[in-house]
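**Student:** Before I ask anything, let me first share the structure, which is written out below as structure tokens.
The values are calculated or read from the model by the stated rules, or taken from the named source; none is laboratory data. Note that this is a predicted model, so its numbers are computed, not measured. Note that we place each Cβ from the backbone using ideal geometry, even for glycine, and neighbour counts take in every protein chain shown. Keep in mind that these areas ignore ligands, DNA and RNA; they rest on the heavy atoms of the full protein, side chains included. Shrake-Rupley method; radii C 1.70, N 1.55, O 1.52, S 1.80 Å.
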Amino acid sequence: MGSAKTVDGFTSGLPPSLYFERRGDVAVLTLKRAAKRNALDDATVSGLETFFTALPDDIKAVVLTGEGEHFSAGLDLGELKERDVAAGIAHSRMWHRAFERIEFGKVPVVAVLHGAVVGGGLELAAACHIRVAERSAYYALPEGSRGIFVGGGGAVRLPRLIGTARVMDMMLTGRTYGAEEGQAIGLTHYLVAPGEGLAKGVELAARIAGNAPITNFAVTQVLPRIASTDPASGLLTEALVAGIAQAEDEAKARLKAFLDKRGPKAVRR
Ligand code: 1HE
């Protein structure tokens, strides 16, 4: 394993397929394996786990993007050839660990998508919190045509985003969705012109980084759990988290700033 970019000691364990760059308190992490269309080999998936586990405390949000013409062609099919059942299960669990570090990691993650966002690439995007698509992006789950199944959490996360019926269609018939369609069905949050995704992603990440940490924690870690629990437990959890957040000094300072006419207004952007 080589190092990506050693501006920070913590990146020294990353594979060459991951490139890290700081933009203030935002980290931009780039899938850097364009010759293989950013296919996710074991080293890259382990590198994602390392990166999101070891993220320094002064990084407040991450932007995940891919170099070249495509975000990611998914699982590295070249590594699949000789796995038996046990190895296949362990491999899927390795992806689960890595993507959990994204979904329930230290900070919110913005994915910037373009070109092919397919198979495991789409699963990776689904583990992120915000998705920005350039108009070149398209989405596919070619697992059916390869005789395999999703293994990177897609069976759990994708139905929550776009519904089980659409995921079934994508896997059974090979249906693809374009960027506009992906936006319309709720797969992505933002749709921008080709080449504008990274700037949009960094802009959003910088805004996210400016939130109170307790709010970002509650939104990324607590909200999804509330959404998937029963209403009574959800309301109780909401009240507990609301109480904790508003009692923080940071909340008091921000509320005072607004009342003193110094805080931002909730105007339409
Ligand atoms: C790869 C991979 C890959 C490209 N694993 N090597 N994913 C797929 O089924 C998608 C497979 N890939 C494609 O359909 C196409 O490559 C693309 C539509 C994404 C891009 O097409 P194109 O014409 O730009 O590139 P290419 O010529 O197909 O590929 C360029 C090189 O990347 C070539 O290698 P080369 O050494 O011959 O130059 C390809 O072999 C290589 N390459 N994609 C390995 N995926 C946790 S379970 C998740 C399950 C899945 O993700 S299944 C979906 C897998």
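**Student:** If you take the residues in segment 5-50 that are surrounded by 15 or more Cβ atoms within 10 Å (Cβ to Cβ), away from the ligand (no atom under 16 Å from the Cβ) and part of a helix (DSSP H, G or I), which one is modelled with the lowest pLDDT?
**Tutor:** Among them, the one singled out is Phe10.
**Student:** Moving to a separate point now. Hey, among the residues in segment 115-153 that are open to solvent by less than 10 Å² (accessible area, probe 1.4 Å) and closer than 13 Å to Leu77 by Cα, which one's farthest from the chain's Cα centre (by Cα)?
**Tutor:** Taking the candidates together, the pick is Gly119.
**Student:** While we're looking at this one, here's another question. Considering only segment 188-198, state which residues are touching a residue at least 60 places away in the same chain (Cβ under 8 Å) and within 16 Å of the chain's Cα centre (by Cα).
**Tutor:** Result: Thr188, Tyr190, Gly197, Leu198.
**Student:** Would you call Ala227 surrounded by fewer than 10 Cβ atoms within 10 Å (Cβ to Cβ), under 23 Å from Val107 (Cβ atoms) and within 27 Å of the chain's Cα centre (by Cα)?
**Tutor:** Criteria met by Ala227.
**Student:** Output the number of residues of segment 115-149 satisfying the condition of being closer than 23 Å to Lys81 by Cβ and part of a strand (DSSP E or B).
**Tutor:** Of the residues in segment 115-149, 3 are closer than 23 Å to Lys81 by Cβ and part of a strand (DSSP E or B).
**Student:** Right, something else. Quick check on segment 112-126. Is at least one of its residues away from the ligand (no atom under 16 Å from the Cβ), on the phi < 0 side of the Ramachandran plot and touching a residue at least 40 places away in the same chain (Cβ under 8 Å)?
**Tutor:** Within segment 112-126, one or more residues are away from the ligand (no atom under 16 Å from the Cβ), on the phi < 0 side of the Ramachandran plot and touching a residue at least 40 places away in the same chain (Cβ under 8 Å).
**Student:** Give me the pairs, please: first residue somewhere in segment 199-212 and closer than 18 Å to Ala253 by Cβ, second residue anywhere and of a type in the set (Lys, Arg) and at pLDDT below 95, beta-carbon distance under 9 Å, and either six or more positions apart or on two chains.
**Tutor:** Close Cβ pairs satisfying both conditions: Ala212/Arg254.
**Student:** Whether any residue in segment 191-198 is β-branched (Val, Ile, Thr) and open to solvent by 30 Å² or more (accessible area, probe 1.4 Å) is what I want to check.
**Tutor:** Taking every residue of segment 191-198 in turn, none turns out to be β-branched (Val, Ile, Thr) and open to solvent by 30 Å² or more (accessible area, probe 1.4 Å).
**Student:** Quick check on segment 79-95. Is at least one of its residues within 12 Å of the ligand (Cβ to nearest atom), modelled with pLDDT of 95 or more, under 28 Å from Ala212 (Cβ atoms) and not in a loop (DSSP other than H, G, I, E, B)?
**Tutor:** No - not one qualifying residue is present in segment 79-95.
**Student:** Quick one: how many residues across segment 97-114 are in a helix (DSSP H, G or I) and buried (at least 17 other Cβ atoms within 10 Å of the Cβ)?
**Tutor:** 5
**Student:** In addition: Please verify whether segment 51-68 includes one or more residues that are open to solvent by 20 Å² or more (accessible area, probe 1.4 Å), assigned to a helix (DSSP H, G or I) and within 19 Å of Val156 (Cα to Cα). Steps first, please.
**Tutor:** Taking segment 51-68 first, the residues open to solvent by 20 Å² or more (accessible area, probe 1.4 Å) are 53-54, 56-58, 60, 67-68.
Imposing the further condition that a residue be assigned to a helix (DSSP H, G or I) reduces the set to 53-54.
This time we only want the ones that are within 19 Å of Val156 (Cα to Cα), so: none.
Checked segment 51-68: no residue is open to solvent by 20 Å² or more (accessible area, probe 1.4 Å), assigned to a helix (DSSP H, G or I) and within 19 Å of Val156 (Cα to Cα).
**Student:** Looking only at segment 83-94, decide whether some residue is free of Cβ contacts under 8 Å to residues at least 60 places away in the same chain and within 17 Å of Ser17 (Cα to Cα).
**Tutor:** No.
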